[in-house]
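*Asks:* Just dropping this structure here.
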Amino acid sequence: MKVRPKYFRLDERSNALDYLRKVRLHLAEVENDQWAWKWVFIALHGALYGFAITVAKGTDDSSVVKQNGRLVSFWSALKHCQNIGALEQLTESQKKSLERLAETLRNEFMHFQPKGWSIEVHGFPKIVIEVLGMIRALSEHPNVFIHLSGRQIEEVRSVCFQGTKAMRRNPLFLEVNAHE
């Protein structure tokens, strides 16, 4: 019997959506498993980057690929999204959340070097809330919106809404905001 090929198909939109699904999965675990935060931030970064690339490329896949064949940076993709109005001007708080997500959390988790590392976690829910808001905005841009099914669009909205709601009820968020 001849084996028929089976393919795993993905594109930038389905990849971003898969990352967002992983955000949902791991957010449900953070109160009982501190390790889930690592996966939340890896997936959150992947989802934001994926949706930013989808918006930035428009109809030209090569527009987000540099001469050396590498994808444009996370920061370049976000800047392009701002330049075309897909993301509003970021607040200082959003900029800090993005910087902490990309430069500290995601990079340290993905490229962990031998060391001891203690991370103060009270700001985690705020980062998630702010980044989910950016993902929601990017997902509504025509470059993304027209390529997602109605079910997928609703899923993005639901994950962003439910994730934000869960983070606003998270004990870490409540504790910080009780003191402000």
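The values are calculated or read from the model by the stated rules, or taken from the named source; none is laboratory data. All figures in this text were calculated on a predicted structure; none of them were measured in a lab. Note that we place each Cβ from the backbone using ideal geometry, even for glycine, and neighbour counts take in every protein chain shown. Note: accessible area is taken over every heavy atom of the protein model, side chains too, but ligands, DNA and RNA are not part of it. Shrake-Rupley method; radii C 1.70, N 1.55, O 1.52, S 1.80 Å.
*Asks:* Taking loop as defined by DSSP and a crowding limit of 11 other beta carbons within 10 Å, which chymotrypsin sites (Phe, Trp or Tyr not before Pro) in region 84-126 fit?
*Replies:* Phe112, Trp117
*Asks:* Quick one: pull the percent of accessible area on region 21-74 belonging to carbon and sulfur, 1.4 Å probe, ligands and nucleic acids left out.
*Replies:* 50 percent
*Asks:* Still on this structure: Can you pull out the GluC sites (Glu not before Pro) in region 1-55 that DSSP calls coil and that have at most 13 other Cβ atoms within 10 Å?
*Replies:* Passing sites in region 1-55 are Glu31.
*Asks:* Within the chain, which is the longest segment that contains none of the trypsin sites (Lys or Arg not before Pro) sitting in a DSSP loop with at most 14 other Cβ atoms within 10 Å?
*Replies:* Excluding the exposed sites themselves, the longest stretch runs over 116-180.
*Asks:* May I ask you to list the GluC sites (Glu not before Pro) in region 92-130 that are in a DSSP loop and have at most 12 other Cβ atoms within 10 Å of their Cβ?
*Replies:* Here the sparse-neighbourhood loop sites are Glu120.
*Asks:* Give the accessible surface of region 103-180 per residue, rounded to a whole number of Å², with probe radius 1.4 Å and ligands, DNA and RNA excluded.
*Replies:* 58 Å²
*Asks:* Within straight cross-link reach of Lys95, meaning Cα distance under 26 Å, which lysines are found once same-chain residues fewer than 8 apart are removed?
*Replies:* Lys22, Lys38, Lys57, Lys66, Lys79, Lys126, Lys165
*Asks:* If each DSSP helix of 4+ residues adds -39,500 (n - 2.57) and the sum is divided by the residues in the chain, what number results at 222 nm, nearest 500 deg cm²/dmol?
*Replies:* When only DSSP H runs of four or more count, the value is -18500 deg cm²/dmol.
*Asks:* Working from the pairwise distances between different alpha carbons, so that the mean of 1/r is found and then inverted, what is the chain's Kirkwood radius in Å?
*Replies:* Evaluated on the chain, it is 17.2 Å.
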